[in-house]
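The values are calculated or read from the model by the stated rules, or taken from the named source; none is laboratory data. Please read all numbers here as calculations on a predicted model, not as lab measurements. Backbone-built Cβ (ideal geometry, glycine too); neighbour counts: all protein chains shown.
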Amino acid sequence: MIKRGLYRRCAESTCKRRGVLLHLESNFYRHKGSKNGRRNICKQCYALVNSENMKRSAEKRKANMKIGGKASNENRKKVLEEFGYRCALTGELEGVTVDHFVPLDWGKAAVREGIGGNSSKNLIPLIEPLNKSKWSNNPFIWFENLDELKVKYGLCDQKWWTVVEFVAAKHNMSAFEYKIKVNNCYWEVIAEKYMEILNYRLENYPSKYKPYSIIWFFLKNCFNLDVVINRFGSKDAKKFYYAKETCRKIELHKASLME
Ligand SMILES: [Zn+2]
C-alpha cells in the first residue's frame, strides 16, 4: 500500500524518472520550509542543476579575475612593508599572504564602487588560514562568524576595527562609511548572482518547475524585487515576475512572512 505523503513525483520536467512515484525520504533532499520538508525535485535532478550552477559561478569567477588580474608584486610589497611583513590581524611573521580585503570575485560591482580590485588600497597581509577562510565572503560577516580561528589566534574586535580603519582611511572614508559601502556592494553582488541563476533556470528549464525559491530568498532578505528584476533580470525573468500567477504567489508568500 502506498501511504500518502511518503511518495512524490519529481517536479523537474526533464527528469529521467518522469512520472514515477519516488520514495520521499530516499529520493528527495531535505529542505526546510518545503512541502513535507523535502525538495520538489529528486536528488538526481538537484545534483544536475546544482553542478551547472557551480560551473557557471566558476566561469564567472574566472572572468572577474581577468578584470583585475593578479595584484602586482609592487603592490604586494608595498602592503607587506606597511605592516612590517606581519599579518595584519595576528601579527605573525610566518606564512603571511596578501589578501584582497574586498574579494576579487566581487568583480565589477566593487570596482564601480571604487573599493575592490588589485589596488594596494584593497590589500592586507594575512596568514594563510585566515586568508583561506575569508575567501570571497563579505569581510564583515566573515569576521563576525570566525569563532574557532578567532579563539585560536586571540583576535578581538578592536584589532579588527584597527585594520578596517586602516583600509577605510586609504579610501578617504571612516571605518563606518567604508563598512556601509562594502555591505551595499555585497548585496548587489548577491542580487546579481541569484538573478543569474534565475535567468539561467528560466532559459534552460522552462518547465513547470519555476524558480520561486529565489524569489522567496529576495523577499526574506528585504530586497526590492522590482529593482532587482529590472536591473539584472532577463526578458524571461521579467515575464515570469510580472505573470499573474507569480504576482499571486508573491502576495501569498508576503502574507505568510508577516505572520
Ligand atoms: Zn528528477
Scan the range 17-33 and give yes if some residue there is farther than 30 Å from residue 158 by Cα and modelled with pLDDT under 85, otherwise no. yes
Give the residues of the range 27-51 that are assigned to a helix (DSSP H, G or I) and surrounded by 14 or more Cβ atoms within 10 Å (Cβ to Cβ), sorted by residue number. 27, 43, 44, 45, 46, 48, 49
Please enumerate the residues belonging to the range 4-26 that are within 27 Å of residue 256 (Cβ to Cβ) and either in contact with a Lys or Arg (Cβ under 6 Å, 6 or more places away or on another chain) or assigned to a loop (DSSP other than H, G, I, E, B) (or both). 4, 5, 6, 9, 10, 11, 12, 13, 24
Taking residue 72 as the residue in question, decide whether it is of a type in the set (S, T, N, Q), in contact (Cβ under 8 Å) with a residue 12 or more places away in the chain, touching a helix residue (DSSP H, G or I) at 6+ places or on another chain (Cβ under 9 Å) and farther than 18 Å from residue 184 by Cα. yes
Residue 43 being more than 9 Å from the ligand (Cβ to nearest atom) and within 27 Å of the chain's Cα centre (by Cα): no
Would you confirm, using the coordinates I've provided, whether residue 137 is surrounded by 15 or more Cβ atoms within 10 Å (Cβ to Cβ) and within 22 Å of the chain's Cα centre (by Cα)? no
Sort out which residues of the range 136-154 are hydroxyl-bearing (Ser, Thr, Tyr) and assigned to a helix (DSSP H, G or I), and write them in order of number. 153
Which numbered condition trips up residue 147, out of (1) at pLDDT 85 or above; (2) surrounded by 14 or more Cβ atoms within 10 Å (Cβ to Cβ)? (2)
Taking the condition of being in contact with a Gly (Cβ under 9 Å, 6 or more places away or on another chain) and closer than 30 Å to residue 226 by Cβ, how many residues in the range 153-181 meet it? 1
Pairs needed: first member in the range 12-33, of a type in the set (Lys, Arg); second member anywhere, more than 13 Å from the ligand (Cβ to nearest atom); C-beta distance under 7 Å; at least 6 residues apart or different chains. 30/37
